[in-house]
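Trainee: Here's a structure for you.
The values are calculated or read from the model by the stated rules, or taken from the named source; none is laboratory data. The model shown is predicted, which means the values in this text are computed figures rather than measured ones. Cβ placement follows ideal geometry from the backbone for every residue including glycine, while neighbour counts extend to all protein chains displayed. Accessible surface areas use protein heavy atoms only, side chains included; no ligands, DNA or RNA. Shrake-Rupley method; radii C 1.70, N 1.55, O 1.52, S 1.80 Å.
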Amino acid sequence: MTDTGIARCPSCGTKNRTPVVSKGKPRCAKCQSDVPWLVPADDSMIAGALDAAPLVLLDLWAPWCGPCRMVAPILEELSAEYAGRLKVVQVNVDDSPRTAATFDARSIPTLVLLNHGDVIDRIIGAQPKPILAAAIDKALAAR
C-alpha cells in the first residue's frame with residue numbers, strides 16, 4: 001500500500017502527490033489550485049485517512065465486484081468536480097476486513113459519507129452520478 005495517490009491539477013495539468021493521511025487539503029505545487037483527493041487506504045491507516053477537513057466519501061469495494069468497477073470512474077469524476085471540498089478514500093474490503101466490519105459493508109459497493117469522522121449518510125450499491133452528486137451536495141450543505 002502506498003501512502004499517496006496521484007492527482008492531475010484541473011487548472012494547470014500538473015501531476016501532484018496526494019497524501020492518504022492529512023488534516024488539510026491537497027493543493028497544486030505549481031498553481032496552488034485545489035486538486036482532486038482520491039486515495040487508497042487500508043486497515044492500518046484508515047483512522048488517519050478519514051480524519052480530514054473536507055467531507056470524506058469512503059468507498060468500500062472489491063476488485064472482483066462489477067458494480068464497484070462501474071462506480072470507480074464516477075468517483076474519480078466527483079473527486080475532480082468537488083476538489084477542495086471532498087476526499088474520496090477507497091478501501092478494498094478483501095484486504096481490509098476490519099474496516100469493512102467497522103462500516104458494516106454487507107454489500108458492495110458501500111459508500112459512506114463522513115463529516116469529521118461521523119457517518120452522515122450511506123449509499124449501498126452502484127448508483128448513477130446524479131444520485132451520488134445529490135448526496136454529496138446535501139452533505140456539504142449540512143456542514
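Trainee: Count the net charge of all other residues whose Cβ sits under 13 Å from the Cβ of Asn92, scoring Lys and Arg as +1 and Asp and Glu as -1.
Mentor: That works out to -3.
Trainee: Report, to the nearest 10°, how far helix 129-142 tilts away from the longest principal axis of the Cα atoms in the chain, using its own Cα long axis and a range of 0 to 90°.
Mentor: The angle comes out near 70 degrees.
Trainee: For the chain, which whole-number percentage of the solvent-accessible area (1.4 Å probe, protein heavy atoms only) is attributable to carbon and sulfur atoms?
Mentor: Details: 3830 of 7070 Å².
Carbon plus sulfur share of accessible area: 54 percent.
Trainee: Compute the signed sum of charges (Lys and Arg +1, Asp and Glu -1) over the other residues within less than 14 Å, Cβ to Cβ, of Gly24.
Mentor: +4
Trainee: Residues of the chain: accessible area per residue at 1.4 Å, in Å²?
Mentor: 49 Å²
Trainee: Something else about it: Using a Förster radius of 22 Å, what is the FRET efficiency between Glu76 and Cys31 based on their Cβ-Cβ separation? Nearest 0.05, please.
Mentor: On the way: r = 21 Å, r/R0 = 0.93.
Once the sixth-power term is evaluated, E becomes 0.60.
Trainee: Leaving out ligands, DNA and RNA but keeping every protein chain, what accessible area does Lys30 have, in Å² rounded to the nearest 10, with a 1.4 Å probe?
Mentor: Surface open to solvent at Lys30 totals about 150 Å².
Trainee: Further question on the same structure: Counting pairs of Cα atoms in the stretch 1-56, how many percent are more than 17 Å apart?
Mentor: 34 percent
Trainee: Next question, about the same structure. For the chain, what is the number of Lys pairs with C-alpha distance below 22 angstrom, counting only pairs 8 or more positions apart or on separate chains?
Mentor: 11
Trainee: Just the number, please: percent antiparallel of the DSSP beta bridges in the chain, rounded to the nearest 5. Walk me through the numbers before you get to the answer.
Mentor: Details: 17 of 29 bridges.
Antiparallel: roughly 60 percent of the beta bridges in the chain.
Trainee: What does the stretch 32-74 give for Rg and for Dmax, in Å, if only its C-alpha atoms count?
Mentor: Final numbers for Rg and Dmax: 12.3, 37 Å.
Trainee: Explain nothing, just the number: dipole magnitude of the stretch 69-143 about its Cα centre with +1 on each Lys and Arg Cβ and -1 on each Asp and Glu Cβ, in debye rounded to the nearest 20. The partial results should precede the final answer.
Mentor: Details: 9 positive and 9 negative charges, 24 e Å.
Once rounded to the nearest 20, the dipole reads 120 debye.
Trainee: Another question, then. Spin-label point model (7 Å from Cα, Cβ direction): what's the His116 to Ala134 distance in nm?
Mentor: Here the modelled spin labels are 2.9 nm apart.
Trainee: Would you mind computing, in nm to one decimal, how far apart the modelled labels at Ile124 and Ala101 are, each placed 7 Å from Cα along Cα→Cβ?
Mentor: 2.0 nm
Trainee: Based solely on its DSSP helices, what 222 nm [θ] is calculated for the chain when runs of n ≥ 4 H residues each add -39,500 (n - 2.57) and the sum is averaged over all residues, nearest 500 deg cm²/dmol?
Mentor: So the helix-based figure for the chain works out to -8500 deg cm²/dmol.
Trainee: Report, as a whole number in µm² per second, the diffusion coefficient that Stokes-Einstein gives for the chain at 20 °C and 1.002 mPa s using the Kirkwood radius over alpha carbon pairs.
Mentor: 143 µm²/s
Trainee: Sticking with this one: Amide H of Arg8: which non-local residues (sequence gap of 5 or more, or other chain) have their own amide H closer than 5 Å, using H built in the peptide plane?
Mentor: Residues meeting the criterion, in which the H sits 1.01 Å from N, are Asn16.
Trainee: Test of understanding: express the Cα radius of gyration of the stretch 81-143 as a ratio to 2.2 N^0.38 Å, with N the residue count.
Mentor: 1.14
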